[in-house]
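Read through the structure below, which is laid out as structure tokens, and then see the notes.
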């Protein structure tokens, strides 16, 4: 004869005390959000790299810069990535050149400033959500641990009223409590991995943008 | 929360994120065996520090026939005594609860018998095939010789032992109850003849292994408490010397009539 004790994940969660359930709820929400951001970031970073690739190819083909600028500025979409840096710099350069009698260095300075501003905006977009992933990665294990400690405290407190303590009296409580740590780790591990990967991707992109800015400045200087 | 350029991905990413969580939940449900089963029947084992010996003694009286029946030289000469032991010993375990005090002689002999038995077993292992038949025949003979004798002997012994141990158990239960009753503050139980039932767990030292459990209340909380206090005040409770009887005291159900005497 056997006694089946139902220890399914649902009964474990339902049987946990309220603070532990709150912790689990917070962690599940956090985990959902972090995965959402992870997928968004994967898509946007991939597109940014593809765009940079494409733009560099077009730019170094040696076509007319005016034509390239027309193509970018007339597009119905707002240019992004390297294209937006190029657009800002070239627009500023052209505007200064139309004004009569301006020092070459002033023109270059203006174009540089415009490009720097566009670059900062681009970097801000690329860096978006990374702080969230970083905090999820570092904090959610602690939140899970808090839930576990709370649950285990309850489990042992219940034990104090019993004279003959057996493992089976604490085991369900501890199993319930450990679910919180499990959820915390499930939220934290992908967040940390994703954060590191995205941070390095963003770094590589920023290096690419900066070198493009330098090269483009040289080209503009030659033209003026 | 979201940049403008991320809106196009937002929905797809959200769906993927939910999918990842559903996947994990599914993996969790499948990979774990969430049903735990506990075997309910627990075998209770009594440990004996020494084998009851009286039967070995007796069996030696039955022995004479065997050497005659089996003329095999090696074995019989080496073990005239132990040969019959294995069988009686096994059955005696069940029958006899307590060593009868009058049989004091056997213990010194027993080690020899055991040693011889061991030697014999080792020999058996070596020459098992050849001896198997002979052994069987021998055992059958012994059994025939022993069964009737043992049957009545066992029954008699059993009855005596049971009577004795029951008597001891009852006596000590009465003593425990008397000791507790002496500590009950009867004035708290009022008039009439209330009846209380308590379950207590004991340790071999006579101390309580847990809180006394009230299984039937007198209806008067003060009276229940008085008996509860009396149980605690009576520690250590008297227990018989014979540790083999302790199993009967591990969980005691006691009934009290505080006003009956």
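We did not get these values from a lab; they are worked out from the coordinates using the rules stated. Worth saying up front: this structure is predicted, and the values here are computed from it rather than measured. Every residue, glycine as well, gets a Cβ built from its backbone with ideal geometry; the counts of neighbours run over all protein chains shown.
Remarks
- Degrees separating the helix A:130-159 axis from the principal Cα axis of chain A, which is the longest one: 10
- Each part gets one Cα centre, and for the stretch B:211-244 versus the stretch A:73-105 those centres are 96 Å apart.
- For residues of B:3-11, the mean tally of beta carbons on other chains within 10 Å: 5
- Comparing A:133, A:25, A:159 in a Gaussian network model of chain A where C-alpha atoms under 10 Å apart are linked, the largest mean-square fluctuation is found at A:159.
- In plain terms, the residue of B:48, A:35, A:150 with the fewest other Cβ atoms within 10 Å comes first and the most crowded comes last, giving B:48, A:150, A:35.
- Sequence-separation-based contact order of the stretch A:3-223, relative, with Cα cut under 8 Å and 6+ spacing, percent: 33
- Only helices enter this figure: runs of n ≥ 4 DSSP H residues, each worth -39500 (n - 2.57), summed and divided by the residues of chain A, yield -30000 deg cm²/dmol at 222 nm to the nearest 500.
- Computed from Cα atoms, the angle from the helix A:18-59 axis to the main principal axis of chain A rounds to 20 degrees.
- Neighbour-count ranking [beta-carbon atoms within 10 angstrom, fewest first] of A:168, B:209: A:168, B:209
- Label zone of residue A:203 (point 7 Å out along Cα→Cβ, amide N under 19 Å): in the stretch A:45-70 this covers A:45-46, A:49.
- Ranking of B:11, A:156 by neighbouring Cβ atoms within 10 Å, starting from the fewest: B:11, A:156.
- Remark: relative contact order (the stretch B:175-225) = 33 percent; criterion is Cα-Cα distance under 8 angstrom and separation of 6 or more residues.
- Spin-label model, residue B:246/residue B:135: points 7 Å from Cα along the beta carbon direction are separated by 3.7 nm.
- In the stretch A:3-223, the C-alpha radius of gyration followed by the widest Cα-Cα span (Dmax) gives 27.9, 97 angstrom.
- Degrees, to the nearest 10: A:82-98 long Cα axis against longest axis of chain A: 30
- Normalising the average separation of contacting C-alpha pairs (under 8 angstrom, six or more residues apart) by the number of residues puts the relative contact order of the stretch B:148-261 at 36 percent.
- Using R0 = 56 Å, the C-beta based FRET efficiency linking residue B:173 and residue A:47 works out to 0.05.
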